[in-house]
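I have placed the structure first, in the form of structure tokens, so that the comments after it can refer back to it.
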Ligand SMILES: [Ca+2]
């Protein structure tokens, strides 16, 4: 469950980096850098004789307020099977602050957030993977709906300030107008996020080895389709290849042809970012993958199914290969101490230039994860509430489970993590990762803390570690660089980025499914000129990418 949620989160954040998520296009016209920096200076209030700021918040220590004195609302995308988040209740006990949490599944949350923002009836905090850089720019820099936080952090938030002082963090968090609009979310991260996983039991059943080239891969998929690979007696219920509907990552396989691409069509070639969505190599990938599709080797619902359908088929042992963050997301096989049936599909054609895009350098700074809006009364209470959530033992609670219940301090700053399977099933569920904390919201543990300070009673087999080790020799050295759009370009860029991204995805589906013939030069030309007509040159200029790969 843990890995599965991380998966969803990571996928979506990548999406948010360039995606223009905002529905509002009437943000007051174009702005210049000068007229943007006229936000009211934050003036810290006096502290009264009770040690309270504004007569409500204790400036230091816990609780933050007197009982019943303050409630704020958080809107985010998330889910919980119990209807509660364990650590939110713990934080309420510590701070006396009540949280009115409004959460929606990722699929519906963006639409709901846009409705709220347009109506003016939005929450005090908006957070999660539904936020994006362009929303920070539109609603923060341009409109002032999201408020600048740097002075509040400076005045009241020692933990957040320490996080901002970590290498590169403050720089990445600071918007082009010099303000910080979000609560920082800094964490250890994986070098490979979404990748194909192959069923080794099926391979044994069809008597084949793990494929190493695109030709061998095709032969394996054919064997999966033609034989009773899952061994249930029915030779026709196998689906050789599928992918996570929310994180398809199909274009990543252009790396097998030498161009490791991200979901926006950017790639690193000789470690330099280029736009590759009109390149011959991407076209070669599409043509290859269309042939797999035409032979019935690809899930016919790949472009239409939702997560539940994908998981359902995986749980019924119908998938030979699927792209996913972790194999248990779709296999339904519970993680144990031993290796699961699924292995990482190696980077194909590795002996012939096959390469994979490095997702992160091993850690990530998420700068569009939680904002405080101008509807919030006493934003400093909210900032301190997050600051308290970032205290070490609260961070442990949000990441692994509450201290004293799941995690126990030992000597030398070490913490023992018990096997939660030893607890009764109700407690297990209450303390499962997705019920600890809205995992789409910022949380914090010092870098590598889990690796260096946790002693696991029952360490689960780490398939992501196996994946990372398998891929490391074939990963790009760098990652696609992040960027901020200059304030005067925000509106224009948002619209262009949204249309280009939608078009890129639509066209990819049409080419793969064969509704458009990728091998027809005039069709390909029309696709390429479609991108140009949408403002590709402006899009690339804003992102500082100068090369369009041919
Ligand atoms: Ca079968």
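The values are calculated or read from the model by the stated rules, or taken from the named source; none is laboratory data. Bear in mind the structure is a predicted one, so any value in this text is a computation, not a measurement. Cβ atoms come from the backbone with ideal geometry, glycine included; neighbour counts cover every protein chain shown.
Looking across the stretch 178-212, the residues that are under 16 Å from residue 470 (Cβ atoms), assigned to a loop (DSSP other than H, G, I, E, B) and in contact (Cβ under 8 Å) with a residue 12 or more places away in the chain come down to 190, 191, 192, 193, 194, 210, 211, 212.
Regarding residue 389, is this residue at pLDDT 95 or above, assigned by TED's automatic domain parsing to the domain that holds residue 437 and touching a strand residue (DSSP E or B) at 6+ places or on another chain (Cβ under 7 Å)?
It is false that residue 389 is at pLDDT 95 or above, assigned by TED's automatic domain parsing to the domain that holds residue 437 and touching a strand residue (DSSP E or B) at 6+ places or on another chain (Cβ under 7 Å).
Being under 30 Å from residue 148 (Cβ atoms) and in contact with a helix residue (DSSP H, G or I) (Cβ under 8 Å, 6 or more places away or on another chain) is a property that residue 365 has.
Only one of the listed residues (77, 66, 100) is in contact with a helix residue (DSSP H, G or I) (Cβ under 8 Å, 6 or more places away or on another chain) and at pLDDT 95 or above. That residue is 77. For the stretch 45-54, the criterion of being under 31 Å from the mean Cα position of the chain (by Cα) and either buried (at least 20 other Cβ atoms within 10 Å of the Cβ) or modelled with pLDDT of 50 or more (or both) is satisfied by no residue at all.
Number of residues in the stretch 213-261 that are within 16 Å of the ligand (Cβ to nearest atom) and in a strand (DSSP E or B) equals 4. As for the stretch 176-196, it holds no residue that is within 16 Å of the ligand (Cβ to nearest atom), surrounded by 14 or more Cβ atoms within 10 Å (Cβ to Cβ) and closer than 22 Å to residue 255 by Cβ. For the stretch 200-219, the count of residues that are on the phi > 0 side of the Ramachandran plot and in contact with a strand residue (DSSP E or B) (Cβ under 8 Å, 6 or more places away or on another chain) is zero. When 326, 312, 320 are checked against the criterion of being out of contact with any helix residue (DSSP H, G or I) (no Cβ under 8 Å at 6 or more places or on another chain) and closer than 23 Å to residue 464 by Cα, 312 stands alone in meeting it. The single condition from (1) touching a strand residue (DSSP E or B) at 6+ places or on another chain (Cβ under 9 Å); (2) closer than 30 Å to residue 416 by Cβ that residue 478 fails is (2).
Do the conditions hold for residue 268, that is, is it farther than 13 Å from residue 194 by Cα and away from the ligand (no atom under 16 Å from the Cβ)? Yes, satisfied.
Being part of a strand (DSSP E or B) and either more than 26 Å from the chain's Cα centre (by Cα) or modelled with pLDDT of 95 or more (or both): is that true of residue 381 here?
So residue 381 does not fit the description; no.
Only one entry in 487, 481, 473 is surrounded by fewer than 20 Cβ atoms within 10 Å (Cβ to Cβ), over 19 Å from the mean Cα position of the chain (by Cα) and in the same structural domain as residue 531 (by TED's automatic domain parsing), namely 473. The one condition from (1) modelled with pLDDT of 95 or more; (2) not in a helix (DSSP H, G or I) that residue 512 does not meet is (2). Selection of the stretch 260-299 for residues being over 26 Å from the mean Cα position of the chain (by Cα) and over 30 Å from residue 481 (Cβ atoms) yields 290, 291, 292, 293, 294, 295, 296, 297.
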